[in-house]
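This report concerns only the one structure given below.
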Amino acid sequence: MSNISKLFVNSTKNFSRSFSRKTVDPSFLKITPETKITTLPNGIRVATEQTYGEVASVGVWVDSGSVYETEKNNGVAHFLEHMIFKGTAKRPNPQSIETEIENMGGSLNAFTSREHSAYYMKVLKDNVPNAVDILSDILQNSKFETSLIEQERDTILSENDYIQSKEDEVVFDQLHATAFQGSPLGRTILGPVENIKSITRDQIQEFINENYTGDRLVISAAGAVNHEQLVEQVKEKFANVKMSNVSKEQKRSTIVNDFVGSEILVRDDEQPLIHFAVAVKALPWTDPDYFVLELIQTMIGNWNRGIAAGKNIASNLGEIVATENLAESYSTFFTSYQDTGLFGNYGVCQPERVDDLVAEMIKEWQRIATCCNKNEVERNKQKLLANTLMQYDGTSKVCEGIGRQILTLGRRLSPFEVYTRINEITVADVQRVATTLLRDVSPAVTAIGPLANFPDYNFTRGFTYWNRL
Amino acid sequence: MIGRFIARNYTTSVFQETKRVVESTILPSGLKVVSLVGGYTGPAVSLGLYIKTGSRNETQETAGLNQVLKGLAFESNTNKLGLEVQREIESSGSTAFVQASRDNLLISTQTLPNYSLQMLKNLANITKPTLPFHEVRDVTELVNQESDAYNHDLYSSIFESVHQTAFRGKTLGRPLVAPICNLGNITHESVINWVNATYKPSNMILVGVGLSHNELIEEAEKVSFGNDSSSVSNSTETAQYIGGESLKYSTGNTQVVVAFEGTAQSNVKDVAAFSVLQSILGNGSPKVAPGHGRTSRLFSLTKNNSNIVKSEAFNLTYGDSGLFGVVAEVEGATVGKTVSLITSEIVAASKTAGQELERAKAIAKSNILEQAEHRSCALEFIGKQALHADTVLTPSEFAEEISKVTSEDIKRVAKKMTSKKPTLVVVGDVSDAPTIESVQSQLKL
């Protein structure tokens, strides 16, 4: 591995990219676009990264989602997201919105998660003001016509059927239901069928009034966009958005999500494979150890039958699973929320392999907590760094990253900060965080499929002790 | 601890606009190096290698060999064992994938700049495989499973039929998915012979996105790609579009494809016109988001005909030919009705003008520009042009070509494509499939 000192340097001086492997000089990370953030009087934060080019992504990110719902209106945040494209006073029906967007070659999309709703557009650079106009119009002036609400119920019900047919979606909904039982995070995003069938216009209107307030909106943009101009446009177009009279922190402090070690098993012997998840309580977005846990996630890794590396995969668990033929696939997940999180393994396997697979997964957690070595930590740091930095690809991903980070952290992580924070992690950090979160804990377990051979809860719990290995 | 992070200075240097340009050089070895430089590609870079070998060059005896080559890409080479190749890519956090097409093999990678030289060497190494017997044997076994999966994939088998019918089993009509029945005939020796004949620098294109072109050619000259000395070469027969029909009985919903000869990649004007025609016809999937065809002809066609589940226009370009058409999924014995609906949309689309044309142009333009924002898509965008044409356009330059498309151009390409015999593929309830003559008679432009 010699002779890697000289590397490519981009012809423009600004893009100097030359450094050796041994002494990693992150100078190339300093030549990234600056994030400009402006807070408007009504609390809306406007954040941009100008990278020029021909295309701009503009999005509205809302601190909303199913966590702000109650048992009674569960599903309304998602229902609202569907209804927001259905017409305003100025743009009377869905077709008028769609035609306007397609006439300028733009696109519009949206999603709702447990903590966020997002509405984002991609347009050619001259059309940024039009995009702001459309977004502001649908978010402030949607009519929510009752006839269209009735029509939309069928669409959402068929979306629900689709989700119910996806094993991973079912397992993760079940996992939230058991791990956060009795808490808002335990509910699903779409809501129960009876709610989808009964949500009213008033509930939708009430939810938007209460949650789409200035302090909980972030308008982010990336690409061919000028910050000052965007701020002016947002100021003018989003002028009717009110600041909430309850602060965001106050509002959120009343929502408590308690993690409960527990299990939900749904046995179905008709299915050929078991799909399961084993999870522990993890870290919220703002935790200083966030990247340490991401590193642990990288170390445990993912594997599936299609992976090019096959048995040669570097991850310890991956190699065991591949050589022992334990699974069809497995992945390691880490989901953060504002006050809690979930970390664990998801697996798909033959029914007769499931006990070994669960045991190997939790054994790997204990191995990392007690005796992972410097070599593998350093190797996985490089991998995590590359994976994270490669996410800065294309304006939509950048725009999404800005929106999400400002909502969750209140600021934007620059590539250089990502580099620094990952680079600083030591073996001791990894062992400390793994010991705290993954050792001697009662996990949340859920599974579907032919579960006759699925390990008993106490067996799974017992593997989180070193002395049981 | 968090406070410590905030207090630190993470500010960035002044970031300036740089225009994206394509630079291209042919090295003394014959290797073509093409770079897309300028613009913002994020903190990572892309590096890829195209090798001009594909299923179109195969023969009856070697059918499926290129899919075996695909599987062998990250196996042992003269410098490293397969294990080392795979581990090195993984532990540097880089990503690499290999894709076998009808006329090329692409190895596309993404990496942080500090590993770009190593990745360049990896790519060079990949072109010098040692091909030990056991690796070829094991990969052939994997290809067997892969083909089995492809054969069960509806879309992949439909497009196999479309190509086979359109080019009547020759050149672009050869099977892309390795035929399982022939895998046993692909010998270790035939793989070695194939590699010797095709892995030559003059048969390859190295593509960089986000790297300095001068540095790239300087470093690329220091490593050797493939087998320079080989005098054997595989001939490439020119693709000839013929057209025709293929009917296959199956249960469930029926898949229908009406296709025509499209355009070769080298004809930029026609590529632009066809991409606008594709936007005019658009996408008739009920779940399509605003911006991806909700105002298109096929969207309203699908919405207004309950027997049509979904429909979409496609536009495939190759070095010397192409395929343009519509694929639809229908319920019941409604193929005849659906085909006439599709042909009348094509006839109507050929007369598009005014706002509808401008909208289709805007959508086609932003599709290209949006895709090209992503490093690996940008790599394929310029790589594909470099494979088949002498001039390579940047995404913005190609968007300009789309702006120049007129209603006359649309009429011209539509007329040209419908003047030849169409290709009709039906899988499902074939009982009311129209004859190819009746389809052709519906297409008088």
Inset, instruction - Return the aspartates and glutamates within reach of A:Lys122: Cα separation strictly under 14 angstrom, same-chain partners fewer than 8 residues apart disregarded; answer none if there are no such residues. - result: A:Glu54, A:Glu98, A:Glu100, A:Glu102, A:Asp133, A:Glu400, B:Glu370, B:Glu373
Inset, instruction - Mind sorting B:Thr343, A:Thr48, A:Thr155 by how few other Cβ atoms lie within 10 Å of their own Cβ, fewest first? - result: A:Thr155, B:Thr343, A:Thr48
Inset, instruction - May I ask for the distance between the Cα centers of the stretch B:261-323 and the stretch A:262-332, given as a whole number of Å? - result: 39 Å
Inset, instruction - Choose one of B:Leu106, B:Met204, B:Tyr155: the residue whose Cα lies farthest towards the positive end of the charge dipole of chain B (beta-carbon charges +1 Lys, Arg; -1 Asp, Glu; about the Cα centre). - result: B:Tyr155
Legend entry - Segment B:Asp153-B:Thr130, extension gain: residue separation times 0.36 nm, minus the distance between their alpha carbons: 5.0 nm
Legend entry - Between the stretch A:73-124 and the stretch B:154-184, the Cα center-to-center distance that results, in Å: 41 Å
Legend entry - Between 0 and 90°, nearest 10: helix B:268-281 axis offset from chain B longest Cα axis: 50 degrees
Legend entry - Cα-centre dipole for chain A with unit charges at Cβ (Lys and Arg positive, Asp and Glu negative), debye to 20: 1740 debye
Inset, instruction - Counting helices only, and only those DSSP H runs with n ≥ 4, report the 222 nm mean residue ellipticity of the protein assembly as shown as the sum of -39,500 (n - 2.57) divided by its residues, in deg cm²/dmol to the nearest 500. - result: -13000 deg cm²/dmol
Inset, instruction - Tell me the label-point distance for the pair B:Glu141, A:Ser96, using the 7 Å Cα-to-Cβ offset, in nm and rounded to one decimal. - result: 6.5 nm
Legend entry - Counting DSSP beta bridges with both ends in the protein assembly as shown, the antiparallel % (nearest 5): 80 percent
Legend entry - Bridge type composition, the stretch A:263-468 - antiparallel percent by DSSP, nearest 5: 80 percent
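Nearest 0.05, what FRET efficiency do A:Thr323 and B:Glu17 give at R0 = 60 Å with Cβ-Cβ as r?
After rounding, the FRET efficiency stands at 0.70.
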Legend entry - Across A:Lys311/B:Lys128; B:Lys248/B:Lys310; A:Lys197/B:Lys337, pairs whose alpha-carbon gap is larger than 28 Å: A:Lys197/B:Lys337
Legend entry - Cα gyration tensor category, rounded, prolate or oblate, for the stretch B:21-222 with a/c compared to 1.5: prolate
Inset, instruction - Measure of size requested: the Rg and Dmax of the protein assembly as shown, with Cα atoms as the atom set and Å as the unit; please supply both. - result: 28.1, 81
Legend entry - Antiparallel content of DSSP bridges confined to the stretch B:21-222, in %, to 5: 85 percent
Inset, instruction - Find out how many positive minus negative residues lie around B:Val425, taking Lys and Arg as positive, Asp and Glu as negative, among other residues whose Cβ is under 14 Å from that of B:Val425. - result: -1
Legend entry - Angle between chain B longest axis and helix B:116-126 axis [Cα atoms, degrees, rounded to 10]: 70 degrees
Inset, instruction - In whole Hz, with x marking every Gly and Pro, tabulate ³J(HN,Hα) for the stretch B:147-156 from phi via Karplus 6.51 cos²θ - 1.76 cosθ + 1.60, θ = phi - 60°. - result: 4, 4, 5, 4, 5, 8, 8, 4, 4, 5
Inset, instruction - Quick one: angle between helix B:213-222 and the longest Cα principal axis of chain B, in degrees between 0 and 90, rounded to 10, please. - result: 60 degrees
Inset, instruction - Return the Cα extents of chain B along principal axes one, two and three, sorted largest first, each rounded to a whole Å. - result: 60, 60, 48
Legend entry - Footprinting exposure proxy for B:Trp194, A:Trp303 (fewest neighbouring C-beta atoms within 10 Å first): B:Trp194, A:Trp303
Legend entry - Calculated FRET efficiency for the pair B:Ala289/B:Glu437, C-beta based, R₀ 45 Å, to 0.05: 0.70
Inset, instruction - Along Cα→Cβ, 7 Å out, is where each label goes; now give me the distance between the ones at B:Asn79 and B:Lys420 in nm to one decimal. - result: 4.3 nm
Inset, instruction - Would you mind counting up the charge near A:Cys371? Only other residues with Cβ under 13 Å from its Cβ, with Lys and Arg at +1 and Asp and Glu at -1. - result: +2
Inset, instruction - Please give the net charge around B:Asn253, taking every other residue with its beta carbon less than 10 angstrom from that of B:Asn253, where Lys and Arg add +1 and Asp and Glu add -1. - result: -2
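Computed from the coordinates by the stated procedures, all read-outs in this text should not be read as laboratory data. Computed from a predicted structure; not experimentally measured. Here Cβ is always computed from backbone atoms with ideal geometry, including for glycine, and neighbour counts include all displayed protein chains.
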